[in-house]
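The values are calculated or read from the model by the stated rules, or taken from the named source; none is laboratory data. The structure displayed is predicted, hence computed values, not measured ones. Cβ placement follows ideal geometry from the backbone for every residue including glycine, while neighbour counts extend to all protein chains displayed. For accessibility, only protein heavy atoms count, side chains too; no ligands or nucleic acids. Shrake-Rupley method; radii C 1.70, N 1.55, O 1.52, S 1.80 Å.
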Amino acid sequence: MQFFTKVDIKPFDKKIDHRASILSLGSCFADNIAKRLQRAKFTTTASPTGILFNPESIARAIERFAKVSHSEDALPTADELLQSNGLWYSYDFHSSLSHTNADTALSQMCEAIMCGAEALTAAEVVIISFGTAFVYRLNASGEVVANCHKQPQKLFTRQMLSAEEIVKRYNTLLQGPLADKRVIFTLSPVRHLGDGLEQNSLSKATLRVALGEIVSANGNAEYFPSYEIMMDELRDYRFYADDMSHPSPLAVDYIWERFGQTIFSSDTLELNSRIERILAAAEHRPFNPDSDVHRTFCRRMMAECELLEADAPSIHLDKEKEYFRDYL
């Protein structure tokens, strides 16, 4: 007896292993997946300029990373900074990069762009997660902002991007800065309740139509159905966090598991399991750390670390080995 409809996902033909360099951009869901990739010891850079919700802001970040790769003239300048409520900020960056000191804010933003440029250059795989089709444009310039920084609503005009606009924008990127990358798109399952449920549905539908056309038109683009998994397999409210908007940690873990089954080979999945066992052991706090039993345990875990690094030279377990070594 089956009590839910399972999303049928065809495993990707080309797999990802620990030798791949990955850049993850977009919504907070992209950040969640990136954290799990990082935990599994994949070389992963997550949202250098902060969480980005709409396709236009993600596209602008990619273009800026690409420009900085060729010229430092594309780095942020003091002219971009604005001040409000004691903080210096930029509309192209998340509030986590704002600061009370203008020089510090600018330095953080330049560092973020340089990080993104280096990650984009090195990346074999780029993961992009769209959150909403709604954007906020500055009335003064018409430019889309990545973050409103709690500024007065009267400064912005809210509108929804069309599927056609998104498709055109990303077809250009996939034939330009992303041409030599493998790009995995996903639609964030996070519900934007501030838009209202009807508008959220319209926004997600617009994004899904756009993604379907983008993937069909570009051989280096693929789609992973995280949104469909949440809507069909995990459609019960118990799989949402307390805000009833974000997936719960259990839901994210499940989507991560399905992601792995889709994109990792059996050998990579086995490596992930071995890494997780070592991490769990390193996170465990012993009841009696000075006992012979615990020292024996740490010697065994050290041996497992060294064996895993020998089997997969791209994986480094320095932090974990240092933890076990401290008890020997």
Please compute the length gained on full extension between Gln159 and Leu250, using 0.36 nm multiplied by the number of residues separating them and subtracting their Cα-Cα distance. 29.4 nm
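Students often get this wrong, so check it: of Lys67/Lys319; Lys14/Lys321; Lys6/Lys168; Lys6/Lys204; Lys35/Lys319, which have C-alpha atoms separated by over 27 Å?
Listed pairs above 27 Å: Lys67/Lys319; Lys14/Lys321; Lys6/Lys168.
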Karplus ³J(HN,Hα) for segment 265-276 (6.51 cos²θ - 1.76 cosθ + 1.60, θ = phi - 60°; Hz, whole; x = Gly/Pro) runs 6, 4, 5, 5, 4, 5, 4, 4, 5, 5, 4, 5
Please sort 53-62, 309-318 by packing, taking for each peptide the average over its residues of neighbouring beta carbons within 10 angstrom, highest first. 53-62, 309-318
Matching label, P(r) over Cα pairs in 10 Å bins from 0, in percent computed from the structure shown, candidates (1) 5, 20, 25, 21, 17, 9, 3, 0, 0; (2) 6, 26, 36, 25, 7, 0; (3) 5, 23, 30, 24, 13, 4, 0: (3)
Phe224, Phe287, Phe297, ranked by accessible area, largest first (probe 1.4 Å): Phe287, Phe297, Phe224
Given H placed on each backbone N at 1.01 Å, which residues far from Phe185 in sequence or on other chains put an amide H within less than 5 Å of it? Ile128, Glu222, Tyr223, Phe224
Starting from the exponent 0.38 and prefactor 2.2 Å, build the expected Rg for segment 128-251 from its residue count and divide its actual Cα Rg by it. 1.16
Only Lys, Arg (+1) and Asp, Glu (-1) charged, at Cβ; segment 236-328 dipole about Cα centre in debye: 200
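Quick check for me: using +1 on Lys/Arg Cβ and -1 on Asp/Glu Cβ, what's the dipole size of segment 64-163 about its Cα centre, in debye to the nearest 20?
In total the dipole reaches around 600 debye.
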Positive-end extreme of charge dipole, the chain - chosen from Pro189, Asn139, Leu173 (charges on Cβ): Pro189
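If you place +1 on the Cβ of every Lys and Arg, -1 on the Cβ of every Asp and Glu, and leave all else neutral, what size is the dipole of the chain about its Cα centre, to the nearest 20 Debye? Write out the running numbers ahead of the final one.
Working: 35 positive and 45 negative charges, 91 e Å.
Here the chain has a charge dipole of around 440 debye.
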For helix 249-263, report the angle its Cα long axis makes with the longest principal axis of the Cα atoms of the chain; keep it between 0 and 90° and round to the nearest 10°. 80
Whole-Hz couplings from phi, Karplus 6.51/-1.76/1.60, listed for segment 55-63; x for Gly and Pro: x, 5, 5, 5, 4, 4, 5, 4, 4
Hits among aspartates and glutamates - C-alpha to C-alpha of Lys15 under 13 Å, sequence gap 8 or more where chains match: Glu124, Glu222, Asp267
Could you tell me the center-to-center distance, by alpha carbons, between segment 1-73 and segment 248-315 in angstrom? 23
Output wanted: per-residue J couplings in Hz (rounded whole) for segment 123-138, from phi through Karplus 6.51 cos²θ - 1.76 cosθ + 1.60, θ = phi - 60°, x for Gly and Pro. 5, 8, 10, 10, 9, 10, 10, 7, x, 8, 8, 7, 10, 10, 9, 5
